[in-house]
Amino acid sequence: MTAPDRATGQPLYSLVAWPPEALDTWLRRTQERLGVRGFGAPHLNLRAPFQTHLTPGELVAAFREALRGTAPFEVPVRGWKRLPHLVFLECMRTPQLSNLHARALGVGPSTRAPHDGEGYTPHLTLGLGILPRVEDLIWAEVQPLKPPVASFGVEVLSLTREERGEVQEVHTFPLGEGAELLARLTGEAGRAEVRGAEG
């Protein structure tokens, strides 16, 4: 499918990771101080907002399958980057993030944004729709700012939906589901074998 078209009235969905509280608070306070804002709460998109004919239930099921076996992962923070009318905190595109992005793109049928795929740049938006007359001033202000963390862990992903300007969480996907139980069971079985060998 082509890029999303807001005129269709279909909601825009996203698969996102939320930054930790310290980074979230720091980004929000920086936005307030500089008079800029992103789209909704600070978040890292695992794929750009998309539209689909799948029902919310079908979409949740498809993402659950796509994310099966995904372990919690770390996101290194690289630093500030700017594009026209946009300033963001770029994150490193690790092999885990690239793999997860590719798996998220496999969910559909759905629209696809131009900056998905090879153009995917994981990031946390600081300011979106910045007016040209203040772009250089904002950029100069953020240059010396250092985020409170050099990386952050992600243990949960969220499916969100944007409709009429509001972003709502549709479903939460804990990562590594079942891994802890499996490890515990495997460990207990191993200990039982050792006890049996000793007896």
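The values are calculated or read from the model by the stated rules, or taken from the named source; none is laboratory data. Please read all numbers here as calculations on a predicted model, not as lab measurements. Don't worry about glycine lacking a Cβ; one is built from the backbone with ideal geometry, like all the others, and counts go over all protein chains shown. Side chains included, ligands, DNA and RNA excluded: accessible areas come from the protein's heavy atoms. Shrake-Rupley method; radii C 1.70, N 1.55, O 1.52, S 1.80 Å.
Is one or more of the residues making up region 26-48 open to solvent by less than 40 Å² (accessible area, probe 1.4 Å), of a type in the set (A, V, I, L, M, F, W, C) and in a helix (DSSP H, G or I)? Yes, the conditions are met somewhere in region 26-48. Scanning region 111-133 for residues that are touching a Leu at 6+ places or on another chain (Cβ under 9 Å) and either hydrophobic (A, V, I, L, M, F, W, C) or part of a helix (DSSP H, G or I) (or both), we see that the one that is nearest to Leu89 (Cα to Cα) is Leu124.
Let's see how each residue does on (1) closer than 19 Å to His171 by Cβ; (2) of a type in the set (A, V, I, L, M, F, W, C):
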site	(1), (2)
Thr55	yes, no
Leu59	yes, yes
Ala62	yes, yes
Ala66	yes, yes
Pro84	no, no
Leu89	no, yes
Met92	no, yes
Gln96	no, no
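Looking only at residues of region 2-25 that are open to solvent by less than 70 Å² (accessible area, probe 1.4 Å) and among the polar types (S, T, N, Q), we find that the one that is modelled with the highest pLDDT is Thr25. Quick check on my filter: what residues within region 139-177 are in a loop (DSSP other than H, G, I, E, B) and either surrounded by 11 or more Cβ atoms within 10 Å (Cβ to Cβ) or among the aliphatic types (A, V, I, L, M) (or both)? Result: Leu145, Pro147, Pro148, Val149, Ala150, Glu155, Leu175, Gly176, Glu177. Remark: pairs (first residue in region 123-135, closer than 22 Å to Ala150 by Cβ and at pLDDT 95 or above; second residue surrounded by 13 or more Cβ atoms within 10 Å (Cβ to Cβ) and among the hydroxyl-bearing types (Ser, Thr, Tyr); Cβ separation under 8 Å; 6+ apart in sequence or on different chains) = Leu126/Thr30. Residues in region 52-73 that are open to solvent by 30 Å² or more (accessible area, probe 1.4 Å) and of a type outside the set (D, E, K, R): 10 in all. Whenever a residue of region 103-116 is under 17 Å from Ala61 (Cβ atoms) and open to solvent by 10 Å² or more (accessible area, probe 1.4 Å), its partners that are polar (S, T, N, Q) and not in a loop (DSSP other than H, G, I, E, B), lying with C-beta atoms within less than 7 angstrom and at least six residues away or across chains, give the pairs Gly108/Thr52; Pro109/Thr52; Ser110/Thr52. Scanning region 53-67 for residues that are more than 27 Å from Glu90 (Cα to Cα) and either in contact with a Gly (Cβ under 6 Å, 6 or more places away or on another chain) or in a loop (DSSP other than H, G, I, E, B) (or both) yields His53, Leu54, Thr55. Here Val134 passes the criteria (1) open to solvent by 30 Å² or more (accessible area, probe 1.4 Å); (2) touching a helix residue (DSSP H, G or I) at 6+ places or on another chain (Cβ under 6 Å) except the one numbered (2). Residues that are loosely packed, with under 15 Cβ neighbours inside 10 Å and among the aliphatic types (A, V, I, L, M) were ranked within region 79-101; the one that is nearest to Lys146 (Cα to Cα) is Met92.
Suppose the filter is closer than 23 Å to Pro20 by Cβ, in contact (Cβ under 8 Å) with a residue 40 or more places away in the chain and open to solvent by 30 Å² or more (accessible area, probe 1.4 Å); does Pro76 pass it? It is true that Pro76 is closer than 23 Å to Pro20 by Cβ, in contact (Cβ under 8 Å) with a residue 40 or more places away in the chain and open to solvent by 30 Å² or more (accessible area, probe 1.4 Å).
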